[in-house]
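Heads up: the structure comes next, in C-alpha cells.
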Amino acid sequence: MVTIVAVQAQKKRIPNEKKELSDKMLTEKLKLSEEQKQKAKTLNEDYRKKMTELRKKDDMLVKDWKNQMMELNKKHREDIRGLLSKEQKEQIGNMKLQRKKIAEIDGNARMEKMKLRLDLNNEQMEKIKKQRSDMREKMKAIHENKSLDMMKKREEMKELMQKRKENMKSILTEDQLKKMKEQRTPVKRKRKVLS
C-alpha cells in the first residue's frame, strides 16, 4: 500500500516538476535579474491566489467564470511581459520563431507519414497541403481578430476543424478513410481537477 501511495505521489509531481524545470530553463536563458525573479514570484503568487478565489466561486455562470479566468490569464501574461527588458522580449520572440519552425518541420513529417501509410497520390497530397495552408491562414485570422472573445474564437476554430474533417472525406477514398481511422489512437486527455 505504501508503494502505491508513493508511486501516485510521484505521478502527481511530474507535471509540476516539468513546469518548474521549464520555468528554470526560461529564467536561465533570459538571464533574469534577482529583482525580476522576485517580482515574477510575487506576480505568480498573486495570480494563483486570484485563480484559487475564482475557482471557489460557484454562484456565477460558466461563461462569466471562463471570461474572468481568461482576463486573469491575459493580465498575468501582460504583467510578466512588463517585467522583461527589450532584449529579453526579443529573445522570447526568437524562441517563439524557433518553436514555430520546429512545428512546421513536424507537420511536414506527419504529412509524409500520412502519404506513406495511406498510399496517397500526388494530387491528393497537393489538395491536403492546400487545405492545410488555407486552414493555417484562417486560424491565424481568427486568432488575431481582436473583436472576438476567447469563447467565440474557440467556437470558430471548432467549426474550422469540422469543415476540414468533412473536406478530407472528399479528398480521400473510402479505403484511405478507413485506414486513417484505424491508425488513429484515441488521445487520452488529462483533465485538471479543480480543487
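Of all residues in segment 26-51, those satisfying the criterion of being over 22 Å from the mean Cα position of the chain (by Cα), open to solvent by less than 100 Å² (accessible area, probe 1.4 Å) and not aliphatic (A, V, I, L, M) are Ser33, Gln36, Lys37, Lys39, Thr42, Glu45, Asp46, Lys50. Just to be sure before I move on: is Leu97 surrounded by 15 or more Cβ atoms within 10 Å (Cβ to Cβ) and either among the acidic types (Asp, Glu) or modelled with pLDDT of 90 or more (or both) in the structure I sent? So Leu97 fails the test.
Between Asn67, Asn73, the distinction of being touching an Asp or Glu at 6+ places or on another chain (Cβ under 9 Å) and under 20 Å from Met151 (Cβ atoms) belongs to Asn67 only. Taken over segment 35-44, the criterion of being at pLDDT below 90 and charged (D, E, K, R) is satisfied by Lys37, Lys41.
Would you mind stating whether Lys18 is at pLDDT below 90, open to solvent by 100 Å² or more (accessible area, probe 1.4 Å) and either among the polar types (S, T, N, Q) or under 30 Å from Arg136 (Cβ atoms) (or both)? Yes: the conditions hold for Lys18.
Within segment 134-154, the set of residues being free of Cβ contacts under 8 Å to residues at least 60 places away in the same chain and surrounded by 13 or more Cβ atoms within 10 Å (Cβ to Cβ) comprises Asp134, Met135, Lys138, Met139, Ile142, Leu148, Lys153, Arg154.
Just so you know, in segment 52-75 the residues that are open to solvent by 70 Å² or more (accessible area, probe 1.4 Å) and under 20 Å from the mean Cα position of the chain (by Cα) include one that is farthest from Glu155 (Cα to Cα), and it is Lys75. Only one entry in Ile80, Ile105 is β-branched (Val, Ile, Thr) and modelled with pLDDT under 90, namely Ile80.
The values are calculated or read from the model by the stated rules, or taken from the named source; none is laboratory data. Treat the numbers as computed from the prediction; the structure is a model and nothing was measured. Quick reminder, even Gly has a Cβ in these numbers, built from the backbone with ideal geometry, and neighbours come from all protein chains shown. Heavy atoms of the whole protein, side chains included, go into the accessibility calculation; ligands, DNA and RNA do not. Shrake-Rupley method; radii C 1.70, N 1.55, O 1.52, S 1.80 Å.
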